[in-house]
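First up is the structure itself, then whatever we jot down about it.
Derivation of every value follows stated rules applied to the coordinates shown; laboratory data play no part. These figures come from a predicted structure and were not determined experimentally. When we count neighbours, we look across all protein chains shown, and the Cβ atoms used for this are built from the backbone with ideal geometry, even at glycine.
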Amino acid sequence: MDSSSAAAFHAANAPKPVGAYPHARKVGNLLFLSGVGPREPETNQVKGLVLDAEGSIVQYDMEAQCHAVFKNVRAILEASGSKWENLVDVTVFLTNMKADFETYNRLYAQYFRDCQPCRTTVEVNALPTPIAIELKCIATI
Ligand SMILES: N/C(=C\C=C\C(=O)O)C(=O)O
């Protein structure tokens, strides 16, 4: 099956993709989400983020970024006919594991109290936009 035969979804209330990819794609009863970060869909900005003149991160609010990215994932799931409780696998990319793991892990536990997908958390050197967290998810539909 090539990707054109699998339904693609674009969620109006999630941040616009930064490249040529859909927010999600359904194959059989599985929904694959593209990586998504904490940009606010209305403004394309990240709450609490301060950049310097070169675009490097000066200051960011990890709590705000966690809430925003979970909200974006939920919006994409719902726009694609799935829901939060259907998540089965979550890959989390952090740009500063040492500084941010505790905050992220604490908030993650609040959002995933009743549903516990498999999870993998890795540190990456950089993400395509100046963010501290990005999620890549698989859900049933
Ligand atoms: N998924 C990608 C980027 C997402 C960035 C964001 O939501 O801020 C990509 O480039 O593959």
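Note on the chain: antiparallel DSSP beta bridges, both residues inside, total approximately 75 percent of the bridges counted. Annotation for segment 86-132: trypsin sites (Lys or Arg not before Pro) lying in DSSP loop with at most 15 further Cβ atoms inside 10 Å of their Cβ are 113.
So, in the chain, how many Lys pairs have Cα atoms under 28 Å apart, if the pair is 8 or more places apart or on different chains? Here the count comes out as 17. Among 49, 87, 77, the largest mean-square fluctuation in a Gaussian network model of the chain (Cα springs under 10 Å) belongs to 49. Within the chain, what is the longest stretch that has no GluC sites (Glu not before Pro) placed in a DSSP loop and near at most 12 other beta-carbon atoms within 10 Å? Counting only loop sites that pass the neighbour cut-off, the longest clear stretch is 55-141.
For residue 119, the residues whose amide H sits under 5 Å from its own are 90, ignoring neighbours fewer than 5 places away on the same chain, with H placed 1.01 Å from N.
Stretched out straight at 0.36 nm per residue, the stretch from residue 59 to residue 119 would grow longer than its current Cα-Cα span by 18.9 nm. Taking label positions 7 Å along the Cα-Cβ direction at both residue 109 and residue 51, the computed distance is 3.4 nm, reported to one decimal. Pairing the Cα long axis of helix 62-79 with the longest principal axis of the chain, what angle in degrees results, from 0 to 90 and rounded to the nearest 10? That helix lies at roughly 20 degrees to the long axis. 3J(HN,Hα) along segment 127-137: 10, x, 10, x, 10, 9, 8, 9, 10, 10, 10 Hz, from the Karplus curve 6.51 cos²θ - 1.76 cosθ + 1.60 with θ = phi - 60°, whole Hz, x for Gly and Pro. Remark: the chain is approximated by an ellipsoid whose semi-axes, taken from the C-alpha gyration tensor as √(5λ), come to 25, 18, 13 Å, largest first.
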